[in-house]
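Novice: This is the structure I want to talk about, given as structure tokens.
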Amino acid sequence: MSAARPLTTLRTIAVTATLPLLLTACGYGSEAKKDDDKTNVAATGGKKLSADAVRIGYFPNLTHATALVGLQEGLIAKELGDTKIKPQAFNAGPSEIEALNGGSLDIGFIGPSPSINGYVKSKGQNLRIISGSASGGVKLVVNPDKIKTLDDLKGKKIATPQKGNTQDVAFLNWIAEKGWKVDPESGKGDVSVVRTDNKVTPDAFKQGSIDGAWVPEPTASKLVSEGAKVLLDETELWPDKKFVITNVIVSQKFLKEHPDVVEAVLAGTVKTNEWINANPDKAKASANAALKAETGKELAPAVIDPAWPSIAITDDPLATTLKTQADYAVKAKLIEQPDLNGIYDLTLLNKVLKAAGKPEVSDAGLGAK
């Protein structure tokens, strides 16, 4: 599997963060470009924590809004005092997991499938999920001239970001529940599942090489702006219309050695999520400003306006939905039944939430003992 082009590291001056514009998803096969000279300068005169710096990874996706806005607005840096943030941008889950496992990343924002795979492959030794970040933001969009109903998908070519990624697993499960057959390895069957990088999916759609896509935001709204139609919002398939799309994970080594730093980051993410939910228009503008500062471009209103409200920002990791997504991957024969006991450690998050007067969240029985 070839690697996608690396992303540039988040460039920051003081607590102002910017990032590259790539339409990506939680999947497989890429690297992050590291540049230790490009770090944010934390608030001076702050409290002294046990680490001089913390390396935080994320994707430049709207589903990673906590990272985008928290860095852009300085809300995470403020909680870290004199501890600097060294941000790293990734465009796929496995490279972020590799960085975490290799000791070049401490904390990361990432999707459920890479979280599960990273935990299982390390036999539960290398990461913990320490918070939620986002729910939703995934849609099935189609060419309305070719597909008018869900039954019309049979025989059509539908893109997902990568084999075994979060959206791919969800789509394969949806196909199976329809009673249709698809080989999970090749993607061939009653529906052709075409694994296509989100950066090229819009061009593939315009060229007619795919008939639709099951993709996260902002790719879904980008396709709609070019003539596609939303046929299904994945939230409609879940109880309470909630499912985890982005987690916050940490290296177990870093968690053990620097719990005060992890707690400070979580204090920053909780305050960021509260600010985003209280100020949705300002938060949307903040994320878009970060994109524009790095690339000279921003997401057009026709893309970001419908994309932004479809993503729910939350501290809750929605642990029961992660277990369900793991079951979907097993059902699709992409993984063997995983042992997820211990994948969560929500101790510090619940401490932060309690101090903020907010309700604690559950690990659904999958917490570290």
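Novice: Along the charge dipole of the chain, pointing to its positive end and built from +1/-1 on Cβ of Lys, Arg, Asp and Glu, which listed residue (Ser104, Ala368, Pro338) has its Cα farthest out?
Specialist: The listed residue farthest towards the positive side: Ser104.
Novice: Give me the percent of DSSP beta bridges within the chain that run antiparallel, rounded to the nearest 5.
Specialist: 60
Novice: Give the residues of the range 306-340 whose amide nitrogen is closer than 17 Å to a point set 7 Å from the Cα of Ala278 in the direction of its Cβ.
Specialist: What the label zone holds, given the 17 Å backbone N cut-off, is 313-315.
Novice: Looking at this model, which pairs from Lys156/Lys206; Lys123/Lys331; Lys154/Lys331; Lys148/Lys282 are more than 27 angstrom apart at the alpha-carbon?
Specialist: Violating the 27 Å Cα-Cα cut-off are Lys148/Lys282.
Novice: Can you compute the FRET efficiency between Lys121 and Asp203 using 1/(1 + (r/R0)^6), with r the Cβ-Cβ distance and R0 = 41 Å? Round to the nearest 0.05.
Specialist: For R0 = 41 Å, the calculated efficiency reads 0.80.
Novice: Right, another one. About its Cα centre, how strong a charge dipole does the chain have in debye, to the nearest 20, once Lys and Arg get +1 and Asp and Glu get -1 at the Cβ?
Specialist: 280
Novice: Here's something else I'd like to know. Restricting to the range 138-241, compute how many DSSP beta bridges are antiparallel as a %, nearest 5.
Specialist: 60
Novice: Same structure, new question: Normalised by the number of residues in the range 138-241, what is the relative contact order in percent for Cα pairs under 8 Å and 6+ residues apart?
Specialist: 45
Novice: May I pose another question? Normalised by the residues of the chain, what does the relative contact order come to in percent, with Cα pairs under 8 Å and at least six apart?
Specialist: RCO, the chain: 23 percent.
Novice: First obtain the Kirkwood hydrodynamic radius of the range 138-241 from its Cα pairs, then insert it into the Stokes-Einstein equation at 25 °C and 0.890 mPa s, and state the resulting D in µm² per second as a whole number.
Specialist: In µm²/s, the coefficient is 184.
Novice: Identify all lysines with a Cα-Cα distance to Lys284 below 20 Å; exclude those on the same chain that are fewer than 8 residues away in sequence.
Specialist: Of all the lysines, those that pass the test against Lys284 - Cα under 20 Å, at least 8 places apart if same chain - are Lys139, Lys222, Lys271, Lys292, Lys297.
Novice: Please sort 336-343, 160-167, 194-201 by packing, taking for each peptide the average over its residues of neighbouring beta carbons within 10 angstrom, highest first.
Specialist: Per-residue mean Cβ counts within 10 Å order the peptides as 160-167, 194-201, 336-343.
Novice: Just the number, please: carbon plus sulfur as a percent of the accessible area of the range 138-241, 1.4 Å probe, no ligands or DNA/RNA counted.
Specialist: Whole-percent figure for carbon plus sulfur exposure: 47.
Novice: At 1.4 Å probe size, with every protein chain present, just tell me what the per residue accessible area of the chain comes to in Å².
Specialist: On a per-residue basis, 41 Å².
Novice: Next up: Principal axis lengths of the chain from Cα atoms, whole Å, largest first?
Specialist: Projected onto the principal axes, the Cα atoms of the chain cover 62, 46, 39 Å.
The values are calculated or read from the model by the stated rules, or taken from the named source; none is laboratory data. Everything numeric here is computed off the predicted structure, so don't read it as measured data. As a convention, Cβ positions derive from the backbone with ideal geometry for all residues, glycine included, and neighbour counts pool all protein chains shown. The accessibility values were calculated without ligands, DNA or RNA, using every heavy atom of the protein model including side chains. Shrake-Rupley method; radii C 1.70, N 1.55, O 1.52, S 1.80 Å.
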